[in-house]
Amino acid sequence: MQKPIIEARAVSKVYQSGEKAVEILHGLDFDVDKGQTVAITGPSGSGKTTLLGLLAGLDTLTKGSIKIDSEALEQLSEDGRAALRLSKMGFVFQNFQLLPNLTALENIMVPLELTCHSKPQENAMQLLNRVGLANRHSNYPTQLSGGEQQRVAIARAFAHKPIILMADEPTGNLDGETSEMIENLLFSLNEQLNTTLIIVTHDLELAAKTHRIIKLKNGRIEE
């Protein structure tokens, strides 16, 4: 039997607020299988973004364990976690986070160059074509609409063939019609490239399209 791609055990996170300790996440346990699409939902303040940060190794656990592809994040140094992110994870953010001084093509080339890919420009151009923006390759982010920027961001996230893609409110800044197009693109590329997709979202319609929903409430898994 194949091991889960993500294994979370007794995941807890406590922040210090002055002299007071505030527990954001309370002993979460779950697995995610390879190729699954999972939505993390819940009201504001339920711990969704904190959990995503822990899964990405951007923040450290207070207690518990998170294994990504059998590697325990809590046993890695900051550099080790950064190397794991670069080799195995892709990210899509609500506010796109494209580099403003790079063109659409150059933005997609960044992860390919960081992972020493042999043909970064050629592969980036193929991805731009897949997201329908080959004709905008020389445009800078400010010359693109919100939907176009998110398509570039999705192409960049998939560029280095990550095994896990994490998306934080990927349609949060987009109108309804554009949101639907971005969702379709995200799920289509995810299926084609056999990636595991983790989406943090308030959008219950988007969450319903995933294989599974992890619903958080007050830092605990409600269902």
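The values are calculated or read from the model by the stated rules, or taken from the named source; none is laboratory data. Predicted, not measured: the structure shown is a model, and the values here were computed from it. All Cβ positions, even for glycine, are placed from backbone atoms using ideal geometry, and neighbour counts span all protein chains on display. Please note that ligands, DNA and RNA were not included when accessible areas were found on the heavy atoms of the full protein model with its side chains. Shrake-Rupley method; radii C 1.70, N 1.55, O 1.52, S 1.80 Å.
Brief remarks on what is shown
- Residue among 112, 128, 102 that is in a helix (DSSP H, G or I), under 18 Å from residue 150 (Cβ atoms) and either in contact (Cβ under 8 Å) with a residue 40 or more places away in the chain or not aromatic (Phe, Trp, Tyr) (or both): 128
- Filter result for residue 207 (of a type in the set (A, V, I, L, M) and out of contact with any helix residue (DSSP H, G or I) (no Cβ under 8 Å at 6 or more places or on another chain)): yes
- Subset of segment 48-101 that is within 21 Å of residue 21 (Cα to Cα) and of a type in the set (A, V, I, L, M, F, W, C) - its residue that is surrounded by the most Cβ atoms within 10 Å (Cβ to Cβ): 51
- Matching residues, segment 7-39, being open to solvent by 20 Å² or more (accessible area, probe 1.4 Å), under 30 Å from residue 209 (Cα atoms) and of a type in the set (S, T, N, Q): 36
- Scanning segment 164-186 for residues that are open to solvent by less than 10 Å² (accessible area, probe 1.4 Å), of a type in the set (Val, Ile, Thr) and part of a helix (DSSP H, G or I) turns up just one, 182.
- Failed criterion for residue 205 (all others in (1) within 22 Å of residue 83 (Cβ to Cβ); (2) free of Cβ contacts under 8 Å to residues at least 12 places away in the same chain; (3) charged (D, E, K, R) hold): (1)
- Residue check, residue 161 open to solvent by 60 Å² or more (accessible area, probe 1.4 Å), without any contact (Cβ under 8 Å) to a residue 40 or more places away in the chain and touching a strand residue (DSSP E or B) at 6+ places or on another chain (Cβ under 9 Å): yes
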